[in-house]
Amino acid sequence: MNDMVINVKSVCKAFDTRNVLRDIAIDIDTEQAVLICGINGAGKTTLLRIIAGLLQPDQGSVELCGYNIRKDPEKAKSQFGMISHKSMVYPELTVLENLSFFATLYGVKDSDTYITKLLQDVGLLSYRYDTASILSRGLLQRLAIARALVHQPALLLADEPFTGLDAKACHHLITVLNEFTKNGGTIVMTTHDIDIGLQCCNRVVVLDKSNLIFDAKTSDIDTERFLKDYVSYARSET
Amino acid sequence: MRKILLFITLVLLLASTWMALTKGRIEGPSANPDSPVRNIIYAHVPSSICSLVCFTVLLVTAIGYLATGNESWDHVAAATAEVGIIFATVLNATGMIFSRAEWGPWWTASPRLISSAILWFLYVVYLILRSSLPGSKQRRARVCAVFAIIAFLDVPMVYISARYMKEIHQPSFTFDNPWQRGAFFMGMVSTMFLAAMLIWIKTDILKIKSRLEAE
Amino acid sequence: MRYFWLSLKAIFIKDIVTELRAKQVLPTMIVLGMLIVWVLRMASEAVLQSEAVIGPVALWIAFLFAGLLAQERSFATEQQQDCIYALLLAPVDEGTIYLAKLFVNIVLLSIFEIIIVPVVIVAFKLNINNWPALIGVLLLGNIAISSVGTLFSAIVQLSRARGALLSILVLVILMPMMIPATFALLLVFGAIPPEMIGTGALAFVGTLGSAVGYMITFDAVFVVACWLLFGFAIKE
């Protein structure tokens, strides 16, 4: 298998006539956790959705683990899981039913033992027979993560995963994400809260007015200074 | 170029009207022999064919858009639907006038009357769908293309299903003299020209509009 | 192929379970259906001996509007937590999603039919001389209503357009089917004396067989077309 998990080549996207992404190229290797930041409307979510195949780019191509998301969607889609600020689970179904439903959709065989382990990892085991509608926001986000990981993907896409979570829930989410990268997973995440985002990412990418203006590993930069600079930049832009 | 074509269309329209109302005038057996209402056929039949042709063009543009994703197809589709509804309206209006004058009722459940009415409804719903979709233009174009294809499939189903009703429509018309045939032919040609010109102009307007929005 | 059946079954069961737990739409459908039947029953009171004619009409009107409720629900549930994205992200074919949703809508409408048909038979004092034909015609009508409705529900709900749009989209496409469908039910309920069929004294011409044949064609055309076009309708 290719070492490159994500290979984005010269992607352009315009909504109607407004350019949202201009000639974006980015390569992401395994065991990287990439934080995509930028002010509102910079194109973060659009980029993530194009990577996930939910949106079609006007130009350019996206490959996930060597599979083109357009030409080979079935294979490419099994490579990743996605979470967002909405839980993407059915409130009427129980935790267990939600997970086994998505396990079936991803063609996972004998999912029961893995689902139990997954529930243990995210700390939802005691809730497994409860319907998702009674879960709190934080617990729901744990379920969302479990749902995204139910087919054991190598890549996790996260679109504003911290929205609406309190400090404790955020902390738990960071732990789970760090665990995921430690086990060889790759994460691509967008967030406003770059303070929190930096705690679980080792590479930062900044989008500004549809262009990619900054790309560095966190080990190569002074994160304190970057944070300060970014905050003042974001303030000047808005 | 376009001015010349517009001029030709105008001449054709005037010529066909003149022919229809003078030498091509239809006399003969009718509830009211003096009534000129039978001459409505010169507007009625070409409109009915034109509205069907517009529907076919709509289908082609829909398939074109779904296959290529090129915005121009969508402009043509929008223009065609708007022109199509004009002819469908003329078709139904002239039909109703004729029906009232010749048979009494404005409308009755008969195969061709039902088909024409449903054709009109399909156009109206298409245009309502177009105007009531929020969000991106690409999505609107795609959704409208999907509806256009389904609506086109509906047309033959309409024609077959209308056969379950008793036919009262005028059987296929035969003309008595070459002048009438000529007038009918001119009517067809001028209506087609008119439709083509209207679609062309409207498409251009839509194109310019979308370019203006881009700036 | 095995994956196709598994995923189809999974989405189907998921939707049915969701509906049974939330009871979002089935009770509303049934009450709406009964109200429509009741209103038409009252209206037909003025005209003597018209029950046999208005009964089938009431049935179709009740099916159309109850069907719209079921279809509107079928993608509204996907919309609330962005679940539709979860479906699109999974490696499942769009056609499978369509077929699963279609079966759910057919089942919901069938449950509705099982309850509302006896109500109509009682209210309009109808006699049925051909049970298999009645069930066949109702099922064919059900498939037609659901096939078009499922596609347009996806269009309307996922475009975040007004819900009212769904009703005109579905009704205009179903208009042609309503002629043979009504005709077939009139024959099944014996509202048209056999000796009058095809005589020209009646607005309808044709036979029960040809009307059923028409409905089968209609169903086949639109199920296949909607299934093929569904991918375009749900993509962002």
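No value in this document is a laboratory result; all are computed from the given coordinates. All of these numbers come straight from a predicted model, not from anything done at the bench. For neighbour counting, all protein chains shown are included, and Cβ atoms are generated from backbone atoms with ideal geometry for every residue, glycine included.
Things worth noting here:
- Dipole magnitude for segment C:2-234: about 360 debye, using +1 per Lys or Arg Cβ and -1 per Asp or Glu Cβ, origin at the Cα centre.
- Dipole check for segment A:122-216: with +1 at the C-beta of Lys and Arg, -1 at the C-beta of Asp and Glu, and the Cα centre as origin, the magnitude is about 300 Debye.
- Listed residue pairs exceeding 19 Å between alpha carbons, taken from A:K44/A:K168; C:K9/C:K101; A:K77/A:K117: A:K44/A:K168; A:K77/A:K117
- Over segment A:89-192, Cα pairs under 8 Å with separation of 6+ residues give a relative contact order of 29 percent.
- Among C:Y214, C:Y85, C:Y98, the residue with the largest mean-square fluctuation in a Gaussian network model of chain C, with springs joining Cα atoms closer than 10 Å, is C:Y85.
- Peptide A:79-90 - average C-beta neighbours from other chains (10 Å radius): 4
- The spacing between segment B:80-106 and segment C:154-173, judged by their C-alpha centroids, is 28 Å.
- Listed residue (A:S133, A:I39, A:A25) projecting farthest to the positive dipole end of chain A, Cβ model: A:S133
- Value of D in µm² per second that Stokes-Einstein yields for segment A:83-152, Kirkwood Rh from Cα pairs, at 4 °C (1.567 mPa s): 112
- The mean number of partner chain beta-carbon atoms within 10 angstrom of a residue's beta-carbon across peptide B:147-156 is 5.
- For a straight C-alpha distance cut-off of 15 angstrom, the aspartates and glutamates reachable from C:K14 (same-chain residues fewer than eight places away being disregarded) are A:E92, A:E97, C:E78.
- Cβ neighbours within 10 Å from other chains - mean over B:61-67: 1
- Phi to ³J(HN,Hα) by Karplus 6.51 cos²θ - 1.76 cosθ + 1.60 over segment A:14-31, Hz, x for Gly, Pro: 10, 9, 6, 10, 8, 6, 10, 9, 10, 6, 8, 10, 7, 10, 10, 8, 5, 6
- Rounded, prolate or oblate (a/c below 1.5 giving rounded, otherwise prolate when a/b exceeds b/c) for segment C:2-234 by Cα gyration tensor: prolate
- Sparse-neighbour loop sites [trypsin sites (Lys or Arg not before Pro); segment C:90-160; at most 14 other C-beta within 10 Å; DSSP]: C:K125, C:R160
- Sorting the segments A:208-216, B:158-166, C:147-155 by their mean number of nearby beta carbons within 10 angstrom, highest to lowest, gives C:147-155, B:158-166, A:208-216.
- At R0 = 30 Å, FRET efficiency that the Cβ-Cβ distance of B:L212 and B:L10 yields, to 0.05: 0.55
- Rounded, prolate or oblate (a/c below 1.5 giving rounded, otherwise prolate when a/b exceeds b/c) for chain B by Cα gyration tensor: oblate
- Segment C:1-69 and segment A:72-129 have Cα centres spaced 33 Å apart.
- Take every pair of alpha-carbon atoms less than 8 Å apart whose residues are at least six positions apart; their mean separation over the length of chain C yields a relative contact order of 25 percent.
- With the highest mean first, a sort of the peptides B:100-109, C:218-227, A:90-99 on other beta-carbon atoms found within 10 angstrom per residue produces A:90-99, C:218-227, B:100-109.
- DSSP-loop GluC sites (Glu not before Pro) across segment C:1-70, with at most 16 other Cβ within 10 angstrom: C:E45
- Each of C:A22 and A:Q56 was given a label point 7 Å from its Cα along the Cα-to-Cβ line. The distance between the two points is 2.9 nm.
- In this rough spin-label picture, where each label sits 7 Å from Cα along the Cβ direction, the A:C12-B:S132 distance is 3.7 nm.
- Peptide ranges A:217-226, C:27-36 listed from the most packed, as the mean C-beta count within 10 angstrom indicates: C:27-36, A:217-226
- With a Cα cut-off of under 28 Å and a minimum spacing of 8 residues unless on different chains, the lysine pairs in chain B number 6.
- About the Cα centre, charge dipole magnitude for chain A (Lys/Arg +1, Asp/Glu -1 at Cβ), debye: 320
- Inter-probe distance in nm under a simple model that places probes 7 Å from Cα toward Cβ, at A:D27 and C:S210: 7.0
- At least 18 Å along the helix axis (C-alpha) and Kyte average at least 1.6, DSSP helices within chain C: C:26-44, C:94-123, C:131-158, C:164-188, C:208-234
- Tensor-based shape of the protein assembly as shown (alpha-carbon gyration tensor, a/c under 1.5 rounded, otherwise prolate or oblate): oblate
- For the pair A:D193 and A:S232, the difference between a 0.36 nm per residue extended length and the Cα-Cα distance amounts to 12.6 nm.
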